[in-house]
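The values are calculated or read from the model by the stated rules, or taken from the named source; none is laboratory data. Keep in mind that this is a model prediction, so the values were computed, not measured. All Cβ positions, glycine included, derive from the backbone under ideal geometry; neighbour counts span all protein chains shown. Ligands, DNA and RNA are stripped out before the accessible areas are found, and what is left, the full protein with its side chains, is counted by its heavy atoms. Shrake-Rupley method; radii C 1.70, N 1.55, O 1.52, S 1.80 Å.
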Amino acid sequence: MNRTISIIAVAVATAFLLGIVWISSRGDEDKFAQCRSSTVAGDLGGPFELLNAEGQIVTDKDVITEPTLIYFGYTFCPDVCPLDVDRNAAAVDLLAEQGKSVTPVFISIDPARDTPEVVGDFAYNMHPRMIGLTGSPEQIKKASMAYKTYYKAHPAVDDEYLVDHSTFSYLVLPEVGFVEYFRREVRPDQMAEKIGCFVDQL
């Protein structure tokens, strides 16, 4: 009886130790561990279907073909969005100087005003390589929910209104998915350095 209990105890202890080793080895398998500076509860990112500047339906697979920096905003935003998107564009240019290609993406959260043409012009004016995306309210909501972003339009006054929204930028890698987010206070050089770390591990 005691021998049976001992065998069971050894088996449980062994399984526990193997579990620790397995968990540790999983941590070691994260080739981006040295690059990460943020922790996120749950998964971020996922499939989406939106409209590009030509009004064509595109999916995340069509858009995220290389390291991609995604920002959710709206073209009528008076201050925050232009500053954030300009910062992202500057980081992309700094990375390009290092021979690292990153695609900047702007996803509108204001489908009523941001038509494909409007969002396309905005994106191009911010950076020649920036991809502007919009879509139906349902399509945008699905993309926003995937990245856990927030947005809410204020009541319109004479057809003018502001939209409250979150201001994170998301780094997404093809075949990997979301790996990092950036707050708006991060400078272009800091962003470029961090993104460069992830790109170097690919």
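This table checks each residue for (1) touching a Ser or Thr at 6+ places or on another chain (Cβ under 8 Å); (2) open to solvent by less than 70 Å² (accessible area, probe 1.4 Å).
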| site | (1), (2) |
| --- | --- |
| S136 | no, yes |
| A143 | no, yes |
| Y147 | no, yes |
| D159 | no, no |
| V163 | no, yes |
| S166 | yes, yes |
| L173 | yes, yes |
| G177 | no, yes |
| C197 | no, yes |
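Here is the figure for the stretch 66-97: residues that are buried (at least 20 other Cβ atoms within 10 Å of the Cβ), farther than 22 Å from Q201 by Cα and in contact with a Gly (Cβ under 8 Å, 6 or more places away or on another chain) total 3. Taking the stretch 105-202 and the strands (runs of 3 or more DSSP E) fully enclosed by it, the elements with 3 or more residues that are touching a residue at least 24 places away in the same chain (Cβ under 8 Å) are at 131-133, 169-173, 177-182. Restricting attention to the stretch 74-104, the residues being outside any helix (DSSP H, G or I), under 17 Å from P188 (Cβ atoms) and touching a residue at least 40 places away in the same chain (Cβ under 8 Å) number 4. For the stretch 77-101, a tally of residues being of a type outside the set (D, E, K, R) and closer than 14 Å to M126 by Cβ returns 11.
Identify, from the list E54, E29, the residue that is modelled with pLDDT of 95 or more, acidic (D, E) and farther than 24 Å from H154 by Cα. Explain how you work it out, then say what you get.
Values: E29 fails: modelled with pLDDT of 95 or more.
When all the criteria are applied, what remains is E54.
Scanning the stretch 188-195 turns up one or more residues that are buried (at least 16 other Cβ atoms within 10 Å of the Cβ), at pLDDT 95 or above and in contact with a Ser or Thr (Cβ under 9 Å, 6 or more places away or on another chain).
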